[in-house]
1. Just wondering, is there one or more residues in the range 239-251 that are under 18 Å from the mean Cα position of the chain (by Cα) and within 16 Å of the ligand (Cβ to nearest atom)?
2. Residue by residue through the range 234-258, note down the ones that are open to solvent by 80 Å² or more (accessible area, probe 1.4 Å) and out of contact with any helix residue (DSSP H, G or I) (no Cβ under 9 Å at 6 or more places or on another chain).
3. Going through the range 251-292 one residue at a time, which ones are within 19 Å of VAL199 (Cβ to Cβ) and of a type in the set (Asp, Glu)?
4. For the range 7-52, name all the residues that are more than 12 Å from the ligand (Cβ to nearest atom), at pLDDT 95 or above and part of a loop (DSSP other than H, G, I, E, B).
5. Take LYS73 and decide whether it is at pLDDT 95 or above, among the basic types (Lys, Arg) and in contact with a Gly (Cβ under 7 Å, 6 or more places away or on another chain).
6. If I go through the range 264-296 residue by residue, how many of them are touching a strand residue (DSSP E or B) at 6+ places or on another chain (Cβ under 8 Å), in a loop (DSSP other than H, G, I, E, B) and modelled with pLDDT of 90 or more?
7. Between a first residue in the range 64-78 that is open to solvent by 60 Å² or more (accessible area, probe 1.4 Å) and a second residue that is modelled with pLDDT under 95 and not in a strand (DSSP E or B), which pairs have beta carbons less than 9 Å apart while being 6 or more apart in sequence or on different chains?
8. Residue by residue through the range 82-118, note down the ones that are part of a loop (DSSP other than H, G, I, E, B), away from the ligand (no atom under 16 Å from the Cβ) and among the aliphatic types (A, V, I, L, M).
Amino acid sequence: MLEGAEAGFATATGMAAIFTTFMSILKSGDHVVSCSSVFGATHAVFTKYFPKWNISYSYFNTNNANEIEKLIKPETKFIYLETPTNPAIELIDLELVAAVAKKHNILLIVDNCFATPYLQNPIKYGADLVIHSATKYMDGQGRVLGGIVVGKKELVHDIYLFGRLTGPSMSPFNAWVLSKSLETLALRMDRHCENALYVAQKLEGHAQLENVSYPFLPSHPHHAIAKKQMKAGGGIITLTLKGGYEAAKQFLDKLQMIKISPNLGDARSIVTHPASSTHCKLSEEERLKVGITPGLIRVSIGLENKEDILNDLLSALK
Ligand SMILES: *Cc1c(COP(=O)(O)O)cnc(C)c1O
């Protein structure tokens, strides 16, 4: 209902939602077009397992409709994307990509995990299916794993039939926890966004930082797209430290309140160094292609007092 979808199917994890969706739609010989910066495990499904099943994929990393169209083949089944992307926080124009999908009569599937249905509704722009890792903002308190796929009734019905036979179901207990979590989604997202914007504004231009990226900062290269399709900027900001890998490592070690973890969307603020953790299996060249420099830090801004978050980041920078 929050996504404006006709139907949905809940799963044990976000990856279960992604995998069940892929397996219900794809067959040997099919092809997929995807944005290049996808969640690490999704990238692994494309690169490690798709070839085994004779399914191919092509990556795009642009907002140019022509570039995306060039990748579409007769056997392409869907376009897949995340926006904002992880971890570089780039935005993809949903309306533009949905028009390309429609023109070629293929599906558009959007992983809307970073934005949540409170901030962005891809179905409104023409997406056929929307996927969430409920492990992140949906629960928002780091308590349970979960996933969901929502969208067109016939598609969700096929996914449901496949899921019923292959076992990725959400546990009843987690379903109950998540139904309570949703009652506070709006309140939590308002606070995440307020805190993140505040911290991003205060850190922009800091002498130790090469860059601060947040969709609702006017300096963000895709600010106009963010304003068009998002209600607010979300809870994730990225910082690029001058001094690369060593500087990033030192910075993380100096944080007092904010914890190091590859998770995001928790009530507590969390920092991640993608190059050495979530994206360590990519080669340096692959990382740079999706904007992961050695000095890049992803900060999932929590619900704490915004001055406490800012002060912890400032003292570690110092
Ligand atoms: C975490 C995440 C997933 C996977 O979700 P799990 O619940 O951890 O399996 C998928 N997509 C994005 C964007 C994520 O951040």
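The values are calculated or read from the model by the stated rules, or taken from the named source; none is laboratory data. In this text, all values refer to a predicted model and were calculated from it rather than measured experimentally. Because the Cβ atoms are built from the backbone with ideal geometry, glycine has one as well, and the counts that use them run over all protein chains shown. Ligands, DNA and RNA are excluded from the accessible area calculation, which covers all protein heavy atoms including side chains. Shrake-Rupley method; radii C 1.70, N 1.55, O 1.52, S 1.80 Å.
1. Here is the first cut: in the range 239-251, the residues under 18 Å from the mean Cα position of the chain (by Cα) are 239.
Filter again for within 16 Å of the ligand (Cβ to nearest atom), leaving none.
No, the range 239-251 has no match at all.
2. If we filter the range 234-258 for residues that are open to solvent by 80 Å² or more (accessible area, probe 1.4 Å), which is where we start, we get 242, 245-246, 249-250, 253-254, 256.
Within the range 234-258, LYS242, GLU246 qualify.
3. If the condition is that a residue be within 19 Å of VAL199 (Cβ to Cβ) and of a type in the set (Asp, Glu), then ASP266 is the only one that fits.
4. If the condition is that a residue be more than 12 Å from the ligand (Cβ to nearest atom), at pLDDT 95 or above and part of a loop (DSSP other than H, G, I, E, B), then LEU26, LYS27, SER28, GLY29, ASP30 are the ones that fit.
5. It is false that LYS73 is at pLDDT 95 or above, among the basic types (Lys, Arg) and in contact with a Gly (Cβ under 7 Å, 6 or more places away or on another chain).
6. Number satisfying all stated conditions: 8.
7. Pairs found: GLU67/ASN61.
8. ILE106
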